[in-house]
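Peer 1: The structure is given below, and queries will be raised subsequently.
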Amino acid sequence: MKIDLSNKNFLVTGSAGFGVGSGICKAIDNAGGTLIINDLLEENVNMATKHYKNAIGITADISDQEQVTKLFSEIASKLGPLQGVINNAGIGHRKPAHLTDLEEFEKIFNTNFKGAWMISKAFALDCIKNKIKGNIVNVSSVHSFKSTNKYSLYSSAKGALNNLTRGMSIELGKYGIRCNAIAPGYVDSEYNEQAVKEWSDDPKKWLKHQIEDYQSVPQVISSLDCGNLAVYLLSEYSNSITGQIIKVDSGFTNLLYSNSFLP
Ligand SMILES: NC(=O)c1ccc[n+]([C@@H]2O[C@H](COP(=O)([O-])OP(=O)(O)OC[C@H]3O[C@@H](n4cnc5c(N)ncnc54)[C@H](O)[C@@H]3O)[C@@H](O)[C@H]2O)c1
């Protein structure tokens with residue numbers, strides 16, 4: 001099975017870093033697709049764009065409706081219609097809900113949920129107008145299924161994204177547009193690197209322990225593992241799959257206890 005995405009255009013939001021978005025871009029690039037790299041900082045976008053064979057960069061804040069509208073008109077004028085969007089842009093939040101202020105609440109929902117809705121809406125309307133059987137892939141998280149201390153709002157935003165995935169898959173199915181999500185476990189990224197430093201003096205050691213004790217497959221989940229699933233969901237090989245939230249977690253969410261509980 002060789003997936004060929006050549007002559008197709010894909011927008012990957014928040015893809016200028018080295019986290020999940022970079023693996024998604026790499027997998028699309030490997031399959032011959034054309035990329036629209038989006039992120040907040042022009043300098044990062046320009047740098048990331050150079051890593052791929054066919055890519056253009058467009059800087060935009062996807063939590064802002066005006067910038068989303070401008071992003072879509074720029075894509076239309078530079079490349080023509082899109083065949084897929086990957087809603088990867090996201091931010092974390094580690095604070096109990098009762099200690100979070102309104103500004104922080106709005107930022108987390110506007111980026112992780114409202115932004116994905118605005119991008120998906122603009123994409124769906126274009127697909128319907130151009131009679132394109134497009135694909136939406138949302139980047140959710142294992143936190144959308146279960147939560148932990150200080151994660152209730154991040155989990156809620158990703159949970160809302162899961163329901164948006166299911167709901168839009170129902171509403172858009174009649175146009176041949178599919179909508180799925182991938183839900184990664186712990187993947188190496190800029191965001192996580194900074195986060196782990198908050199509770200561990202040795203992030204590498206922490207990660208090794210996490211992988212060995214909390215995953216059934218004791219290997220690092222790579223951003224490319226996420227990208228390969230995204231490419232499958234963007235391809236014709238997943239024609240009958242829609243409304244699904246697929247975990248990429250090396251078995252993390254299956255474990256009732258950590259591996260060291262009963263060695
Ligand atoms: N890394 C993980 O372990 C992990 C696990 C599960 C889910 N995720 C999800 O994967 C996605 C990528 O996260 P990551 O961990 O790779 O982090 P990351 O910080 O490396 O990447 C996120 C990118 O999104 C960009 N971004 C943030 N707000 C934006 C906005 N308003 N408009 C445009 N771009 C914006 C950031 O600048 C950054 O480059 C997120 O949705 C995150 O919730 C990550």
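The values are calculated or read from the model by the stated rules, or taken from the named source; none is laboratory data. Since the structure is predicted, the reported quantities are computational estimates derived from the model, not experimental observations. Every residue, glycine as well, gets a Cβ built from its backbone with ideal geometry; the counts of neighbours run over all protein chains shown. SASA here: full protein model, heavy atoms, side chains in, ligands and nucleic acids out. Shrake-Rupley method; radii C 1.70, N 1.55, O 1.52, S 1.80 Å.
Peer 1: For the chain, what is the accessible area per residue in Å², given a 1.4 Å probe and the full set of protein chains?
Peer 2: Details: 13540 Å² over 263 residues.
Value returned for the chain: 51 Å² of accessible area per residue.
Peer 1: According to the Cα gyration tensor, what semi-axes, each the square root of 5 times an eigenvalue, does the equivalent ellipsoid of segment 139-263 have, listed from largest to smallest in whole Å?
Peer 2: 29, 16, 14
Peer 1: Using just the helices of the chain, give the 222 nm mean residue ellipticity in deg cm²/dmol: DSSP H runs with n ≥ 4 each add -39,500 (n - 2.57), and the total is spread over all residues, rounded to 500. It would help to have the intermediate numbers written out before the result.
Peer 2: Values: 9 runs with 110 residues, N = 263.
Estimated from H runs of four or more residues: -13000 deg cm²/dmol.
Peer 1: Follow-up question, since we're still on this one. Which loop-located GluC sites (Glu not before Pro) does segment 124-220 contain, where loop means any DSSP state but H, G, I, E or B and the Cβ has at most 14 other Cβ atoms within 10 Å? It would help to have the intermediate numbers written out before the result.
Peer 2: Numbers: sites: Glu171, Glu190, Glu193, Glu198, Glu212; in loops: Glu198.
In loop regions of segment 124-220 (DSSP not H, G, I, E or B), the sparsely surrounded GluC sites (Glu not before Pro) are Glu198.
Peer 1: Related question: Looking at segment 176-263, which chymotrypsin sites (Phe, Trp or Tyr not before Pro) are in a loop (DSSP not H, G, I, E or B) and have at most 14 other Cβ atoms within 10 Å?
Peer 2: Values: sites: Tyr186, Tyr191, Trp199, Trp206, Tyr214, Tyr232, Tyr237, Phe252, Tyr257, Phe261; in loops: Tyr186, Trp199, Tyr257.
When the chymotrypsin sites (Phe, Trp or Tyr not before Pro) of segment 176-263 are filtered for loop state and at most 14 Cβ neighbours within 10 Å, Trp199, Tyr257 remain.
Peer 1: Then there is this: Write down the Å³ per residue value for the convex hull defined by the alpha carbon atoms of segment 166-213. Please list the in-between numbers first.
Peer 2: Values: hull volume 5.6 nm³, N = 48.
Convex hull of Cα atoms, per residue: 117 Å³.
Peer 1: Can you tell me the equivalent ellipsoid semi-axes for the chain? Use √(5λ) from the Cα gyration tensor, largest first, whole Å. It would help to have the intermediate numbers written out before the result.
Peer 2: On the way: eigenvalues 172, 81, 70 Å².
Square roots of five times the eigenvalues give 29, 20, 19 Å.
Peer 1: Follow-up. Which lysines have a Cα lying under 25 Å from the Cα of Lys205, excluding residues fewer than 8 positions away in the same chain?
Peer 2: Within reach: Lys95, Lys146, Lys150, Lys197, Lys247.
Peer 1: Can you compute 3J(HN,Hα) from phi for each residue in segment 97-110, using the Karplus curve 6.51 cos²θ - 1.76 cosθ + 1.60 with θ = phi - 60°, rounded to whole Hz and x for Gly and Pro?
Peer 2: Calculated HN-Hα couplings, in order: 4, 6, 10, 8, 8, 4, 4, 5, 4, 5, 4, 5, 6, 5 Hz.
Peer 1: Using a 1.4 angstrom probe on the protein heavy atoms only, could you order His209, His93, His51, His143 from most to least accessible area? Don't jump to the answer; show the numbers that get you there.
Peer 2: Working: His209 100, His93 20, His51 135, His143 45 Å².
So the residues, ranked largest to smallest area, are His51, His209, His143, His93.
Peer 1: Hand me the trypsin sites (Lys or Arg not before Pro) from segment 106-202 located in a DSSP loop with no more than 13 other Cβ atoms within 10 Å, in residue order please. Could you put the intermediate results ahead of the total?
Peer 2: Details: sites: Lys107, Lys114, Lys121, Lys129, Lys131, Lys133, Lys146, Lys150, Lys158, Arg166, Lys174, Arg178, Lys197; in loops: Lys131, Lys133, Lys146, Lys150.
Hits after loop and neighbour filter: Lys131, Lys133, Lys146.
Peer 1: While we're here: What residue among Ser63, Ser200, Ser73 shows peak mean-square fluctuation when the chain is described by a Gaussian network model with Cα springs under 10 Å?
Peer 2: Top of the fluctuation ranking is Ser200.
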